[in-house]
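Novice: Structure below; questions to follow.
The values are calculated or read from the model by the stated rules, or taken from the named source; none is laboratory data. Treat the numbers as computed from the prediction; the structure is a model and nothing was measured. Here the Cβ positions follow ideal geometry from the backbone for every residue, glycine too, while neighbour counts run over all protein chains shown. In case anyone asks, the SASA skips ligands and DNA or RNA and just uses the protein heavy atoms, side chains included. Shrake-Rupley method; radii C 1.70, N 1.55, O 1.52, S 1.80 Å.
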Amino acid sequence: MPSRRDLIKLTESERAELLDSERVAVVSSLGPRGWPHSMPMWYVVRDGEIWIWTYAKSQKVRNLERDPRATLLIETGTEYVELRGIQIEAEAELIRDPERVAEFGAELTVRYSEGIDSVEGDAAEALRAQAAKRIAIRFRPIRVATWDHRKLGGTY
C-alpha cells in the first residue's frame, strides 16, 4: 500500500503543467543574519530548471553570492483539498554576461506579456539597457518535493 505522501506526488507531466500555468516562484535564500529571505519572482522554465532575473545589487544576489543554496516554492489552491505545489531545493548559478541576461530578459518578457512572441526594436534596446544592471539566476535542482491534495479525494 503506497503512503499518503506517495499518493499526492505530482507526475512529471503534472509538474510541467504546474510550472507552466503558475506565474510566481517564491525564492528563499539565506540573509546576512542567517534568516530566510523570501521574495516572489517571475520565472521561466528552461530544460526543467527555474530561471529568474533581478537587479545585480539586490539582497537576494548578495545572499546567493555568499551561499548559493536556495529553496523555491510554486503553489496554488485556496482550500486544503485544492492545494498543489512544488518545492525545489536548488543551487543558484549567477549569470552576469549582459548578452545572456538580455536574451533571458526577452524570454521572460514574452512569457509574461499578452500577445507577443518576440521582443524587437526599441523594446529590445530597452531590455539590453536593463541587462547591464541585472543578472539572470539559474536554479539547479538538488531535491524536489511535490503535492497535489486533489488526489486525496476530499479525505485527510
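Novice: Could you check the range 112-143 and list, in sequence order, the residues that are in a helix (DSSP H, G or I) and either surrounded by fewer than 13 Cβ atoms within 10 Å (Cβ to Cβ) or of a type in the set (A, V, I, L, M) (or both)? Explain how you work it out, then say what you get.
Specialist: Going through the range 112-143, the residues in a helix (DSSP H, G or I) turn out to be 112, 121-131.
Selection gives Tyr112, Gly121, Asp122, Ala123, Ala124, Glu125, Ala126, Leu127, Ala129, Ala131.
Novice: Checking Gly105 against (1) modelled with pLDDT of 95 or more; (2) open to solvent by less than 70 Å² (accessible area, probe 1.4 Å), which test does it fail?
Specialist: Looking at each condition in turn, Gly105 falls short on (1).
Novice: In addition: Taking Trp147 as meeting all but one of (1) in a strand (DSSP E or B); (2) within 15 Å of the chain's Cα centre (by Cα); (3) within 26 Å of Glu14 (Cβ to Cβ), write down the number of the exception.
Specialist: (2)
Novice: In addition: Would you say Arg23 is of a type outside the set (Val, Ile, Thr), part of a loop (DSSP other than H, G, I, E, B) and touching a Phe, Trp or Tyr at 6+ places or on another chain (Cβ under 8 Å)? Can you show your working first?
Specialist: Working: of a type outside the set (Val, Ile, Thr): yes; part of a loop (DSSP other than H, G, I, E, B): yes; touching a Phe, Trp or Tyr at 6+ places or on another chain (Cβ under 8 Å): yes.
Criteria met by Arg23.
Novice: Could I ask something else about it? Pick from the range 84-111 the residues that are among the small types (Gly, Ala, Ser) and outside any strand (DSSP E or B): which of them is nearest to Pro141 (Cα to Cα)? Before you say what the answer is, go through the steps one by one.
Specialist: Our first condition is that a residue be among the small types (Gly, Ala, Ser); within the range 84-111, this holds for 85, 90, 92, 102, 105-106.
Adding the requirement that they be outside any strand (DSSP E or B) leaves 102, 105-106.
Numbers: Ala102: 23, Gly105: 21, Ala106: 23 Å.
Applying the filter and picking the extreme gives Gly105.
Novice: Identify, by number, the condition in (1) in contact (Cβ under 8 Å) with a residue 60 or more places away in the chain; (2) among the charged types (D, E, K, R); (3) within 19 Å of Val45 (Cβ to Cβ) that Lys133 doesn't meet.
Specialist: (3)
Novice: What pairs come up if the first residue lies in the range 40-62 and is closer than 17 Å to Leu19 by Cβ and modelled with pLDDT of 95 or more, the second is in a helix (DSSP H, G or I) and open to solvent by 20 Å² or more (accessible area, probe 1.4 Å), and their beta carbons are under 6 Å apart, counting only those six or more places apart or on different chains?
Specialist: Taking only residues 6 or more apart or on different chains, the pairs are Trp42/Tyr112; Val44/Glu107; Val44/Arg111.
Novice: What is the residue count in the range 49-63 for residues that are open to solvent by 10 Å² or more (accessible area, probe 1.4 Å) and not hydroxyl-bearing (Ser, Thr, Tyr)?
Specialist: 8
Novice: Given the structure, is Leu73 open to solvent by less than 80 Å² (accessible area, probe 1.4 Å) and part of a helix (DSSP H, G or I)? Spell out how you get there, then give the answer.
Specialist: Values: open to solvent by less than 80 Å² (accessible area, probe 1.4 Å): yes; part of a helix (DSSP H, G or I): no.
Taking the combined requirement at face value, the residue does not satisfy it.
Novice: Further, regarding this structure: Would you pick out the residues in the range 114-156 that are polar (S, T, N, Q), at pLDDT below 90 and under 21 Å from Leu18 (Cα atoms)? Walk me through how you get there before you give the answer.
Specialist: Residues of the range 114-156 that are polar (S, T, N, Q), as a first pass: 118, 130, 146, 155.
Next, from what is left, pick out any that are at pLDDT below 90: 118, 130, 155.
The answer is none; no residue qualifies.
Novice: Ok, one more. If we keep just the residues of the range 5-37 that are free of Cβ contacts under 8 Å to residues at least 40 places away in the same chain and crowded, with 16+ Cβ neighbours inside 10 Å, which is farthest from Glu82 (Cα to Cα)?
Specialist: Checked the range 5-37; the qualifying residue farthest from Glu82 (Cα to Cα) is Gly31.
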